[in-house]
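J.: Here it is: the structure, laid out below.
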Amino acid sequence: MNKNLIVGLTGGFATGKTTVTKIFQSLGAVIIDADKIAREVVAPNSPVWQNLKEYFGAKILNKDLTLNRTRLADLAFNNETYLRKLNEITHPPIIQKIKEEIERIQNTTPNKIIIINAPLLIEANMVSLVNKIIVVTASEATQIKRGMKRDNLEMDGAKKRIFAQLPLSEKVRLADFVIDTDCPKKRVVEKVKMVWEELNALSGKMGTHTII
């Protein structure tokens, strides 16, 4: 039977996960984006959307009834109870969708490496879904700088998002591969290619044949 090597890619806030994921995709990986799935499950009038509206109120909605993710994040990252409830509502359906996507890919695209880009891979107990874990890291100063620029945050807001997640040091302990992005983009590409070669070797041991 042909098998897919399933790799979880995670890290901290603004460590460069998206950049690393895009490089893997360019090399031939099949990507499952947990953030994309998270946006899909909160579509207006969906069960998750209804649960979020009921708990947090209509203030988390835009005029077109779509979820205002920035407003919801501001609430959650300033209140541990809110953050816990947000995760309770959203994590189960996101994980279910990821499982369905894995099954679909396994049935339609054998002999490919699947990479699940999931910021909360460890926190949401998704480790059992993957064969290997990649953790993308960066210094706290770099995380803050990138997060402020990317998400238009104040420094305090960026720090709250960093500290709301499991410390990078804890994630690294569970990692099979660590990719540090505190370097020029060219060097990041080189690091990703090195990991890709190792994943190919592991994939071959699982009985797969063609990756790139």
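J.: For the stretch 96-113, enumerate the residues that are of a type in the set (A, V, I, L, M, F, W, C) and either closer than 15 Å to Pro47 by Cα or outside any helix (DSSP H, G or I) (or both).
T.: Across the stretch 96-113, the qualifying residue is only Ile113.
J.: Another one. Any residue in the stretch 67-80 that is assigned to a helix (DSSP H, G or I) sitting within a Cβ distance under 7 Å of a residue that is of a type in the set (Phe, Trp, Tyr) and surrounded by fewer than 18 Cβ atoms within 10 Å (Cβ to Cβ)? List the pairs, counting only those 6 or more apart or interchain.
T.: Pairs found: Leu75/Tyr82; Ala76/Tyr82.
J.: While we're here: All but one of (1) within 19 Å of Leu72 (Cβ to Cβ); (2) open to solvent by less than 70 Å² (accessible area, probe 1.4 Å); (3) at pLDDT below 95 hold for Thr109; state the number of the condition that does not hold.
T.: Thr109 satisfies every listed condition except (1).
J.: Out of curiosity, is Lys149 basic (Lys, Arg), open to solvent by less than 90 Å² (accessible area, probe 1.4 Å) and without any contact (Cβ under 8 Å) to a residue 60 or more places away in the chain?
T.: Criteria not met by Lys149.
J.: Can I ask one more? Scanning the stretch 32-67 for residues that are hydrophobic (A, V, I, L, M, F, W, C) and surrounded by fewer than 16 Cβ atoms within 10 Å (Cβ to Cβ), which turns out farthest from the chain's Cα centre (by Cα)?
T.: The qualifying residue farthest from the chain's Cα centre (by Cα) is Ala58.
J.: Exactly one condition in (1) crowded, with 18+ Cβ neighbours inside 10 Å; (2) modelled with pLDDT of 95 or more is false for Phe77; which is it?
T.: Among (1) crowded, with 18+ Cβ neighbours inside 10 Å; (2) modelled with pLDDT of 95 or more, the lone unmet condition for Phe77 is (2).
J.: What pairs come up if the first residue lies in the stretch 178-193 and is over 22 Å from Lys132 (Cα atoms), the second is aliphatic (A, V, I, L, M) and surrounded by 14 or more Cβ atoms within 10 Å (Cβ to Cβ), and their beta carbons are under 6 Å apart, counting only those six or more places apart or on different chains?
T.: The qualifying pairs are Asp182/Ala138.
J.: Go through the stretch 182-208 and count every residue that is under 21 Å from the mean Cα position of the chain (by Cα) and basic (Lys, Arg).
T.: 3
J.: Something else: For the stretch 153-181, name all the residues that are surrounded by 14 or more Cβ atoms within 10 Å (Cβ to Cβ), assigned to a helix (DSSP H, G or I), over 18 Å from the mean Cα position of the chain (by Cα) and of a type outside the set (Lys, Arg).
T.: Residue satisfying the conditions is Gly157 alone.
The values are calculated or read from the model by the stated rules, or taken from the named source; none is laboratory data. On a predicted model such as this, the values are computed, not experimentally measured, just so you know. Backbone-built Cβ (ideal geometry, glycine too); neighbour counts: all protein chains shown. When the accessible area is computed, the model is the full protein with side chains, heavy atoms only, and any ligands, DNA or RNA have been set aside. Shrake-Rupley method; radii C 1.70, N 1.55, O 1.52, S 1.80 Å.
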